[in-house]
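A short worksheet on the structure shown next.
Nothing in this text is a laboratory measurement; each read-out follows from the coordinates by a stated rule. This is a predicted model, so every value here is computed, not measured. Cβ sites come from the backbone with ideal geometry, for glycine too, and all protein chains shown count toward neighbours.
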């Protein structure tokens, strides 16, 4: 190669990789696959919204499955997150972060809640509409995550900078601690539900749902979900792509975020009065219901905050610059 040819090549900035025409052409060819992945996540979110119209059998009475405002808000958050992943995957500027977001959410949700898809449980809790919609959400989001994973593996190296070691260590500590706390919260009671009257106060209460109260299927789900959460925390701390790593951590934080919001809303409005099922028509005006968050809620809240802080460390803190590398590329003297 001649000297003129060498000078014709744009010199990269510190830590930057040049995207060649071949790589750009491959990205264009993958555009259809990215749109498919986005469509799958959007469809999963819409199916999640549609499950609000599913019904369940309570003795002789058929009632909406989600009759209280807390679970309804929880379903809305799940649907919004899935649709948001699809929208972000369509945009090239947000695609890296969306990849991490989508992969972490689907992996944790699939491993932690797969036991709810057992035929015996589905037939006991859902009507035909609810069964098909629950299966559709699972298939659509899992297929979308697999498409994203394949595209990420095929994607060439493309990064704009590396963070300082201290920032990455902070992300490791915060993410790993948050993941462990989230696992611990699944083994603790999350809330106390009380029933009583306006005259005598709360007369009966029950807590839900500690490790001892859950069955073997739930134990397996907690273990698998915990392994997935901890593994993702370590991966997010070591991935070179800053936006993708932050997406993984923010996706992990969104899992406890939904539970925390449901608990807060349920403590403010514990009585089921929505979607056509009127609580007062069954029990009368004197009965009261209370919802009180317990230890599991507070541990999960702390886990959410730590995971969110870890994502912020990976995303917001500055890149590492090498002054010797900069001087070599620009021909200037080292920065003093």
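Once the piece of chain linking residue 114 and residue 91 is laid out straight, how much longer is it, given 0.36 nm per residue of separation minus the C-alpha distance between them?
Contour length minus the Cα-Cα distance gives 5.3 nm.
Compute the FRET efficiency between residue 217 and residue 35 as 1/(1 + (r/R0)^6), taking r as their Cβ-Cβ distance and R0 = 41 Å, and round to the nearest 0.05.
Given R0 = 41 Å and the Cβ-Cβ separation, E is 0.65.
Show me 180-193, 249-262, 216-229 ranked by packing, highest mean number of other Cβ atoms within 10 Å first.
Result, highest mean Cβ count within 10 Å first: 249-262, 180-193, 216-229.
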